Each structure stands twice: as C-alpha cells, then as structure tokens.
1. Filter segment 113-137 down to residues that are surrounded by 20 or more Cβ atoms within 10 Å (Cβ to Cβ) and part of a loop (DSSP other than H, G, I, E, B) and give me whichever is nearest to the chain's Cα centre (by Cα).
2. State which residue is farthest from the chain's Cα centre (by Cα) when the search covers only segment 24-60 and only residues that are crowded, with 20+ Cβ neighbours inside 10 Å and farther than 22 Å from residue 136 by Cβ.
3. Would you please list the contacts, defined by Cβ atoms under 8 Å and residues six or more apart or on different chains, that run from a residue in segment 1-22 that is farther than 16 Å from residue 83 by Cα to a residue that is within 16 Å of ligand 2 (Cβ to nearest atom) and at pLDDT 95 or above?
4. Tell me yes or no: at least one residue of segment 63-71 is more than 16 Å from ligand 2 (Cβ to nearest atom) and surrounded by 15 or more Cβ atoms within 10 Å (Cβ to Cβ).
5. So which residues in segment 44-76 are touching a strand residue (DSSP E or B) at 6+ places or on another chain (Cβ under 9 Å), touching a residue at least 24 places away in the same chain (Cβ under 8 Å) and not in a strand (DSSP E or B), if there are any at all?
6. If I ask for residues that are away from ligand 1 (no atom under 15 Å from the Cβ) and either surrounded by fewer than 21 Cβ atoms within 10 Å (Cβ to Cβ) or not in a strand (DSSP E or B) (or both), which ones from segment 77-101 would you list?
7. Look at residue 105 and say whether it is more than 21 Å from residue 36 (Cβ to Cβ) and touching a strand residue (DSSP E or B) at 6+ places or on another chain (Cβ under 7 Å).
8. Taking segment 84-102 on its own, how many of its residues are away from ligand 2 (no atom under 16 Å from the Cβ) and under 11 Å from residue 16 (Cβ atoms)?
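The values are calculated or read from the model by the stated rules, or taken from the named source; none is laboratory data. Treat the numbers as computed from the prediction; the structure is a model and nothing was measured. Neighbour counts run over all protein chains shown; Cβ positions are idealised from the backbone, glycine included.
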Ligand SMILES: [Zn+2]
Ligand SMILES: [Zn+2]
C-alpha cells in the first residue's frame with residue numbers, strides 16, 4: 001500500500017484553495033454521461049479522499065446538488081467566480097470526497113488507476129490500454 005501524499009490545489013482563478021492527503025492508488029477516471037456534461041470534456045478524474053483529509057484553505061466554495069438517476073444526491077463544490085469544480089461528495093455519511101485531480105498542483109503524480117462507466121465512454125476517444133475499464137461503477 002502506498003503512503004498518502006500531502007497535496008494542494010486551487011481553482012482556475014485562485015480564489016479557492018485547498019489541501020488534501022491523497023492516496024495515489026485511489027484515482028478514478030469516470031466516463032459517465034454526467035461527468036462528461038459537467039466537465040465539458042470526456043470525463044472527470046477524481047481521487048477519493050476521506051472528509052478528514054480534505055481542507056479548504058481559502059475561499060468559500062459554492063455547492064450544487066446533483067441528483068443521480070439512482071436518486072442519490074451528490075454535492076458538487078465549485079468556484080462561484082471561475083466555475084472550476086473542486087470536488088463531488090455524496091450527501092450521506094461517511095463522506096468521501098472525489099477531488100478533481102486536474103485542480104491539484106501535483107496532478108502529474110496521480111494518473112488514473114481505473115476507468116469506470118466504460119459503456120458511456122466516447123467512441124472516438126482512443127483506448128488507454130494501461131488503465132483497466134469497468135463497464136459501470
Ligand atoms: Zn475560481
Ligand atoms: Zn461520472
């Protein structure tokens with residue numbers, strides 16, 4: 001098991017900053033259609049961080065509640081000025097933050113270990129042969 005690393009991150013405009021203890025084994029690339037729409041791209045790349053290891057250090061994130069098809073409520077934390085998403089977290093305890101890896105200063109150290117919702121993956125996107133794909137979650 002790898003040790004968690006201290007990281008820091010920020011939104012695009014710099015108003016919101018955070019620190020997190022990050023386990024490099026817990027990085028997930030999600031290709032679900034919600035992640036495509038909300039990122040404006042092909043996926044979100046998240047690292048799963050327990051609530052106790054995630055700390056906002058400046059700014060106040062806006063929150064948007066997304067209700068999944070399953071009915072589960074997820075809170076999306078984002079910068080109200082520049083719109084950058086910093087995390088998504090389930091509304092119910094225990095809370096595990098899906099921190100958006102591209103907002104980390106150390107993003108290059110955290111490549112995805114698995115791809116989920118492969119069945120929603122854009123057909124034009126070349127496969128990433130080194131990263132296993134699960135059809136669903
Ligand atoms: Zn911002
Ligand atoms: Zn997703």
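1. So the residue we want is 117.
2. Only one residue fits best here, namely 54.
3. Hits for this filter: 20/47; 20/97; 20/99; 22/47; 22/99.
4. Scanning segment 63-71 turns up no residue that is more than 16 Å from ligand 2 (Cβ to nearest atom) and surrounded by 15 or more Cβ atoms within 10 Å (Cβ to Cβ).
5. Passing the criteria: 51, 53, 59, 61, 68.
6. 89, 90, 91, 92, 93, 94, 95, 96, 101
7. yes
8. 1
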